[in-house]
Structures are given as C-alpha cells and as structure tokens.
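Asks: After the structure tokens below, expect a handful of questions from me.
The values are calculated or read from the model by the stated rules, or taken from the named source; none is laboratory data. Predicted, not measured: the structure shown is a model, and the values here were computed from it. Note that we place each Cβ from the backbone using ideal geometry, even for glycine, and neighbour counts take in every protein chain shown. Just the protein is used for accessible areas: all its heavy atoms, side chains included, with ligands, DNA and RNA removed. Shrake-Rupley method; radii C 1.70, N 1.55, O 1.52, S 1.80 Å.
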Amino acid sequence: MPRGKLTGVQKAAILFITLGPDASASILKKLPEAEIQKITFEIANMSKIKREVKEEVLKEFVDLNKAKEYILEGGFEYAKNLLSKALGAQRAAEIIEKVSEVTQQYRPFGIARKADANHLLNVIINEHPQTIALILCYLQPEKAAQILSALPEELQSDVAKRIAVMNTTSPIVIEEVEEILEKKLSSVITTDMATIGGVQSLVEILNNVDRGTEKSIMEELDRDVPELAERIRESMFVFEDIITLDNASIQRILREVDTKDLALALKGSSEEVAAVIFSNMSKRAAQTLKEDMEFMGPVRLIDVERAQQSIVGIIRRLDEAGDIVISRGGEDAIII
C-alpha cells in the first residue's frame, strides 16, 4: 500500500510491527483502550509490508518526534530552523505543519483564540496576573501582543515575567482557568500535561507589540531579573532573521562586522542568508569573502554560533542606538 494513502492508525500499526513486540508493548499500554483496539485490528489484518514503506513510516515517526522536542526547547520557529538545516526547508515545513495540526487540535482555549481581542481583554483584565499569563500563552502571538499592550503598564511587566518563567502547567490548573472563562467563552477543554510559556512564548509576543511596550517591559525586567532579560534579548533576533531587514540596514550592519566573524557566521547559515549578505556587498568584497570561507575549510559549530551571536549583538546595539530599527508588531523598518 503506498505510504501517501495510509491512515494514521495504519501508520501506527506499521510502526509497531517495525519496532517489534517488546518496544511496541511498552508504548501500546500507555494508549487509550479504543486506540489499542484499532491498532491491533490493523496489525492483525496486515499482510506483507514492503521494506520501503516500513522505512518511510519509521522515518516520519522519528522526524515528528524530533520536531516536538525542538518545539518544546524553543518554539515552532526554532524547530523549523533546526529541521531545515537537517532535512531541507520543504521537508521541515511539512513536518512542522503536521505537528502544528495535532497541537492545535488539542490546544485549550480554542474559543479564546477565535474571540475578539478587545472582548477577551475585558473578560480577563481583572483576573490574577498568573491567570492572564496562562491565557496569553495559548493565544496567537499577535493577539497576545495586542492584549499585553492594552494592559495597565504596572501589570504588563508582571504578566511578562510570569510568561517567561512558566514551564509546565497541570491539567487541573488549566481546567480551573477554563472554568473562569466558561460562561463567557464556552471553553472547557481537558488536556494532558502541557508545556507552555517560557522565554520563547514571551519573545513571540514581544516581537508583535509596539516598541514602547517592549521597551517598558524590558526595562522592568532589566531591573528585576537581568539574567532573564538577557536571555530574552538573545532570543528576540537570531542571525537568520537578517533576511527580514532592508538593504540599507544590512549595509549599515556590515560596516560594523569583523570579516572573520562574517565568514564564520555564513559557514553555518542558509543559502538564503548568504545570498542576502553577498547582494549587499560589492562584487569584489563578496568574492573575497567567499574565498575566505573556502580557505577556512571545516569549522566547529561552536565557533560558528559564537560568530553569529557576535553579529546579532552588533545588530541589537545598532537597533538600541537608533541607527537601524527592527520591524516589530507591524511597524515599518526605518533606517536613520
């Protein structure tokens, strides 16, 4: 049977057949009874399975689990970047889409995600900051940013800190929060232990708020928890985001960057990033840089990451100084 026509249950059955009885038994016993029955029925009714089909199903299983691990570590964009380097952009997008579909299917506060931001703000504004933080973690970053920006200034940094340090939340707590919103949002959803919040959640929200709100929150975090503020800054702009800047900003940045750092950074970047950098240099400078990269030969990943972070530091410094402006929350990027 062609892999593209397999159902989810059939893929699970093939996976368990491929893994063998011992490994399969340890996984099966953790599944709901109804799912076990469906899978065992498929196993019993399967005849010979082609080796390439087994390999494809196993590879999909491994790739999906890698994606889930990367998402837990740093969010969807982080996972997409890592998978793109390992599997290519198209395959990474396919995997992320599958994981996203499953995640959204079981994601609590579904109606809250569909609700008007102003209406939702009126519902939650008088709740405890921890409750607000929990709800914002489940919203689209754009909607969460709109609500965070509309909160009283003294409440903004408190909610932001709670989002950044949040890790796992038990089903009981989620159910309690959902009960608060039940009458107004009709959203009571049960879920397994959910990993939400964290630095990446706050970064995604801050990337969509206006500059004034971001600055106010970051200044407060600098005073209260400087280590956390630094972690957030490091995550707010990554080297690959250079492609989102306008040409004038990139050229301004390149004037500040050490050539050796740039060569190292590009050794570990995507072709798209390299193309953008080369296009903002003179032909002679671009050719020299390419030659420097070839002359380097193999380089250590830690050196590449250190060079990229150094360049990101320069970008942040120029942004804070007002020499360039990184677009946030729908603002236009401006070069001064």
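Asks: Just want the answer: with Cβ charges of +1 for Lys and Arg and -1 for Asp and Glu, which residue in Ile302, Thr288, Ser270 is farthest toward the dipole's positive end in the stretch 238-335?
Replies: Thr288
Asks: Give me a comma-separated list of calculated 3J(HN,Hα) values for the stretch 86-92, in order, Karplus coefficients 6.51, -1.76, 1.60 applied at θ = phi - 60°, integers in Hz, x for any Gly or Pro.
Replies: For the stretch 86-92, the Karplus curve yields 8, 10, x, 4, 5, 5, 4 Hz.
Asks: When the Kirkwood hydrodynamic radius is evaluated over all pairs of different C-alpha atoms of the stretch 221-262, what value in angstrom, to one decimal, is obtained?
Replies: Values: mean 1/r = 0.0816 Å⁻¹.
After inverting the pairwise mean of 1/r, the radius is 12.3 Å.
Asks: Say the dipole of the stretch 116-162 comes from +1 at the beta carbon of Lys and Arg and -1 at that of Asp and Glu; which of Ala160, Leu148, Leu120 then lies farthest toward its positive end?
Replies: Ala160
Asks: Between Lys48 and Ala23, what is the FRET efficiency for a Förster distance of 22 Å, r being their Cβ-Cβ separation, to the nearest 0.05?
Replies: Details: r = 21 Å, r/R0 = 0.95.
Once the sixth-power term is evaluated, E becomes 0.60.
Asks: Please compute the modelled spin-label separation between Leu64 and Asp224, points set 7 Å along Cα→Cβ, answer in nm with one decimal.
Replies: Once both label points are built, they end up 4.0 nm from each other.
Asks: Along Cα→Cβ, 7 Å out, is where each label goes; now give me the distance between the ones at Gln140 and Glu271 in nm to one decimal.
Replies: According to this spin-label approximation, the distance is 3.2 nm.
Asks: Now for a separate question. Structure shown: which of Lys85/Lys260; Lys5/Lys59; Lys80/Lys143; Lys215/Lys290; Lys59/Lys114 lie over 28 Å apart, alpha-carbon to alpha-carbon?
Replies: Details: Lys85/Lys260 22 Å; Lys5/Lys59 16 Å; Lys80/Lys143 22 Å; Lys215/Lys290 38 Å; Lys59/Lys114 35 Å.
From the list (Lys85/Lys260; Lys5/Lys59; Lys80/Lys143; Lys215/Lys290; Lys59/Lys114), the Cα-Cα distance tops 28 Å for Lys215/Lys290; Lys59/Lys114.
Asks: Starting from the residue with the highest accessible area, list Glu56, Glu220 in decreasing order, probe 1.4 Å. Intermediate results must be reported in sequence, preceding the final value.
Replies: On the way: Glu56 80, Glu220 50 Å².
Solvent-accessible surface, decreasing: Glu56, Glu220.
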